[in-house]
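The values are calculated or read from the model by the stated rules, or taken from the named source; none is laboratory data. Only a predicted model underlies this, so the values are computations on that prediction, with no experimental measurement involved. In this analysis, Cβ positions are derived from the backbone assuming ideal geometry, glycine residues included, and neighbour counts consider all displayed protein chains. Each accessible area value is taken on the protein alone, full model and side chains, heavy atoms only, with ligands, DNA and RNA left out. Shrake-Rupley method; radii C 1.70, N 1.55, O 1.52, S 1.80 Å.
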Amino acid sequence: MQENSIRRSNRERTQATRTALIAAARKLFVEKGFADTGTPEIVAKANVTRGALYHHFADKTDLFRAVVMQEAQAISTRIRKETGNPASALNTLVAGAEAYFAAMAVEGRARLLLVDGPAILGHIDMDQVDKETGGEELHQGLMIAVSQGMLNDAPLDALTALLSAAFDRAALAISQGGPEEDYKAAIRLIITGLLGCKPQ
């Protein structure tokens, strides 16, 4: 019993250290950018040792990847929550779009995922992150459309990639001060046109 308690305590400490490092790194990456953030600053802000950083992450880029993955997973969770009971493909995709834009409005998220992410990790890694998180949610929404008799014979992987790029471009424009409602309306038009529905 005591041994189990010790193992659990060790796991909890390990997870707490990892969580502190990711939180500290996220804050600094958003405030200063990746290049201008040093690992000594990160460990000081997380209140852990330099050794703890390198126990959990190979280097600063590996830590950045963990930050990006956490942000992407948060978006995926928000989309799943808002589209959990799909009545129709149109409603699912529109609700997913609204959830995506709401999730991307979190301070610093657009910069991390859409600007710094591709520059630091590269497009191949970022595409993989997208496939494992929000991109998969979009793919599932399109699969619902197929199951409801829409998008027959559509190349779903290519379609998912192109729609995801449109969503990202809109989110980036909004984060830089672009007209939010215009971009959201444009995305709704793309979705309704794709499904052959009248605009809502």
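Scan the stretch 19-28 and give yes if some residue there is basic (Lys, Arg), more than 20 Å from Gly134 (Cα to Cα) and surrounded by fewer than 21 Cβ atoms within 10 Å (Cβ to Cβ), otherwise no. Yes, that holds for at least one residue.
Listed conditions (1) closer than 26 Å to Ala20 by Cα; (2) open to solvent by less than 30 Å² (accessible area, probe 1.4 Å) are all met by Glu132, apart from (2). Being open to solvent by 40 Å² or more (accessible area, probe 1.4 Å) and at negative phi is the filter here; which residues of the stretch 187-196 pass it? Those that are open to solvent by 40 Å² or more (accessible area, probe 1.4 Å) and at negative phi: Arg188, Leu189, Ile190, Gly193, Leu194. The set of residues in the stretch 114-137 that are at pLDDT 90 or above and under 17 Å from Ala103 (Cα atoms) comprises Leu114, Val115, Gly117.
Among the residues of the stretch 138-145, is any more than 22 Å from Tyr183 (Cα to Cα) and open to solvent by 50 Å² or more (accessible area, probe 1.4 Å)? Yes, that holds for at least one residue.
Assessment of the stretch 88-95 against the conditions (under 25 Å from Arg188 (Cα atoms) and free of Cβ contacts under 8 Å to residues at least 12 places away in the same chain) yields at least one matching residue. State which residue is most open to solvent (accessible area, probe 1.4 Å) when the search covers only the stretch 148-186 and only residues that are in contact with a Phe, Trp or Tyr (Cβ under 8 Å, 6 or more places away or on another chain) and of a type in the set (A, V, I, L, M, F, W, C). Checking each candidate, the answer is Ile174. Among the residues making up the stretch 117-128, a single one is closer than 17 Å to Lys32 by Cβ and buried (at least 20 other Cβ atoms within 10 Å of the Cβ): Gly117. One residue stands out in the stretch 44-88 among those that are charged (D, E, K, R) and under 30 Å from Ile144 (Cβ atoms): the one that is least open to solvent (accessible area, probe 1.4 Å), namely Glu71.
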